[in-house]
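A quick write-up on the structure given underneath.
Values quoted throughout were computed directly from the atomic coordinates according to the rules given, and no laboratory measurement underlies them. Keep in mind it's a predicted model, so treat the numbers as computed, not measured. Here the Cβ is made from the backbone with ideal geometry for all residues, glycine too, and neighbour counts use every protein chain on show.
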Ligand SMILES: Nc1nc2c(ncn2[C@@H]2O[C@H](COP(=O)(O)OP(=O)(O)OP(=O)(O)O)[C@@H](O)[C@H]2O)c(=O)[nH]1
Ligand SMILES: [Mg+2]
């Protein structure tokens, strides 16, 4: 395999930059570009040691820096790795990189270091995917979740499931191959019980996908309600700055105004939308369309009502739109006399939060409410969630095969036919952890990495 090289730090000015080299010729290349001041031979350096020295492009000294040495297999990639830390200027770092290329290295593709780590058995595919998530983590929970995946939480769950499937398959094979021996008879009751346990493990993984997605991508939250109820005032309180225009003119907000805040370590992407009402104003109509779209795609909606007014038809038009959605009804303007039939709102949408966006600390109250209703604090970042569509589709395929196996048992077909379905399930679970993933899938996974990782 070729020896690859890349700048592992961002293309920005900083204290130091790191150029990473990995492969059989890593030490040769390092020797050509780096000269330790101690005159120590790089080839003699032990793994996990460093040397200070000068960096050369041919005969030209371009910088001074530190060389770190890792010896195969005790490195990130499992190959010989040298890392040169130079001064953190964009130009000087590129010069160091160019010098390494001239000395025989090849430029690394996106994610190629991690891909090599995977191919050399240092990481499972799910662990490799978690590396990319750690790099892009924007919240505390996502970082905790990605780190736990990196330590193999999902991989262990996949292994547990594949072990369970193999145990059943082995029992079926033994029973078919050695029917006269002491092998216990494979009854349909036994098969149903065992396969159902596999099914519930797979179902549990699938059920956690949404939670994992919220941890990863943040929670999208649409603020909806008729005009003038105080949606933009709530948005501004949550954002902590004046993001949306507030006025007593109905239909002030037209386009959706968005911002991201942090709730218990999870990004909350809030959209303040146009007030819902029948309107002949073309621009406002578009605003209402956008609102409906945001509502459809949100994880949770804040449905705002004006407590100082009677419930109107416009308020009630919201109810059917919120069916089957997670919703927090908010009765706003509690500093004014209440005229709203709160019980009617609550019987349609559930327990309401009564606040005054003007006088209460509504960011804290609503933040706490969102966190409680979505059970954010209970999100167990260590559980090992499905982190992307690829992983989910593997589990869905495994689950479909397991369902087929159960149906086959129910229909009374022979155990070997059940075994065929179980094989399918096993291969989907192996694909999840990368044990049998095809080259295209592996390439696809690593394409979303940055160069240098
Ligand atoms: N008394 C009182 N007035 C409030 C409260 N919240 C908002 N308002 C006032 O209600 C009016 C409308 O507030 P907005 O936040 O613009 O309402 P909106 O729902 O975004 O309205 P549209 O953008 O037109 O749909 C403004 O005059 C606010 O100052 C509150 O808790 N108490
Ligand atoms: Mg508004």
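Run the helix sum for the chain: -39,500 (n - 2.57) per DSSP H stretch of 4+ residues, divided by residue count, reported at 222 nm to the nearest 500 deg cm²/dmol.
Taking each H run of at least 4 residues, the total per residue is -14500 deg cm²/dmol.
Suppose a student asked you for the relative contact order of the chain, using Cα pairs under 8 Å spaced at least 6 residues apart; what percent would you report?
Relative contact order for the chain comes out at 17 percent.
Once you have the Kirkwood Rh of segment 207-295 from its Cα pairs, apply Stokes-Einstein at 20 °C and 1.002 mPa s and quote D in µm²/s.
For the chosen part, D equals 157 µm²/s.
Under a crude label model (7 Å from the Cα following the beta-carbon direction), how far is residue 190 from residue 252 in nanometres?
7.2
With 18 Å as the cut-off, how large is the P(r) tail for segment 132-241, expressed as percent of Cα-Cα pairs? Present the calculation step by step, with values, prior to reporting the outcome.
Numbers: 4134 of 5995 pairs.
When every Cα pair of segment 132-241 is considered, 69 percent fall beyond 18 Å.
Can you tell me the 0 to 90 degree angle between the C-alpha axis of helix 188-207 and the longest principal axis of the chain, rounded to 10?
Around 80 degrees separate the two axes.
Would you kindly calculate the translational diffusion coefficient of segment 217-378, applying Stokes-Einstein with the Kirkwood radius from alpha carbon pairs, for 25 °C and a viscosity of 0.890 mPa s, and quote it in µm² s⁻¹ without decimals?
After rounding, the answer is 158 µm²/s.
Once the piece of chain linking residue 440 and residue 351 is laid out straight, how much longer is it, given 0.36 nm per residue of separation minus the C-alpha distance between them?
Taking 0.36 nm per residue and subtracting the Cα distance, the gain is 27.1 nm.
For the chain, what is the percent of antiparallel DSSP beta bridges, rounded to the nearest 5?
65
Report the extension gain between residue 264 and residue 135 in nm, rounded to one decimal, defined as 0.36 nm multiplied by the number of residues separating them, less their alpha carbon distance.
44.5 nm
Less than 19 Å from a label point 7 Å out along the Cα-to-Cβ axis of residue 49: which backbone N atoms in segment 75-115 qualify, by residue?
Counting backbone N atoms under 19 Å from the label point, the list is 75-76, 80-85.
List residues of segment 233-258, by number, whose backbone nitrogen lies under 19 Å from a label position 7 Å along Cα→C-beta of residue 280.
Label zone hits: 250-252.
Hey, fewest Cβ within 10 Å first, where do 190, 175 land in order? Each step should come with its number before you reach the end.
On the way: 190 15, 175 18.
Fewest-to-most ranking of 190, 175: 190, 175.
Taking the Cα centroid of segment 257-315 and of segment 86-107, what is the distance between the two, rounded to the nearest whole Å?
First find each Cα centre; the distance between them is then 51 Å.
Let me check I have the definition right: for the chain, take the eigenvalues of the Cα gyration tensor, multiply each by 5, take square roots. What are those semi-axes in whole Å, largest first?
With the √(5λ) rule applied to the chain, the semi-axes are 50, 39, 16 Å.
For the ranges 210-218, 12-20, what's the packing order if you count other beta-carbon atoms within 10 Å of each residue, average per peptide, and put the highest first?
The peptides rank, most packed first, as 210-218, 12-20.
Rounded to the nearest 0.05, what FRET efficiency do residue 337 and residue 373 have when you use their Cβ-Cβ distance and R0 = 35 Å? Write out the running numbers ahead of the final one.
On the way: r = 28 Å, r/R0 = 0.81.
It comes out at approximately 0.80.
Take the Cβ-Cβ distance between residue 297 and residue 245 as r, set R0 to 25 Å, and report the resulting FRET efficiency rounded to the nearest 0.05.
0.60
How tilted is helix 125-136 with respect to the longest principal axis of the chain? Cα atoms for both, answer in degrees (0 to 90, nearest 10).
70
Using only Cα atoms and rounding to the nearest 10 degrees, what angle (0 to 90) does helix 153-177 make with the longest principal axis of the chain?
In the chain, helix 153-177 runs at an angle near 80 degrees to the longest axis.
What FRET efficiency would be calculated for the residue pair residue 177, residue 411, taking the C-beta separation as r and a Förster radius of 22 Å, to the nearest 0.05?
Computed FRET efficiency for residue 177 and residue 411 comes out at 0.40.
Mind ranking 296-305, 103-112 by how tightly packed they are, going by the mean number of other C-beta atoms within 10 angstrom, highest first?
296-305, 103-112
How far, in nm, would the chain grow between residue 289 and residue 207 when pulled straight, counting 0.36 nm per residue and subtracting the alpha carbon separation?
Working: separation 82, 0.36 × 82 = 29.52 nm, distance 3.06 nm.
Stretched out fully, the residue 289 to residue 207 stretch lengthens by 26.5 nm.
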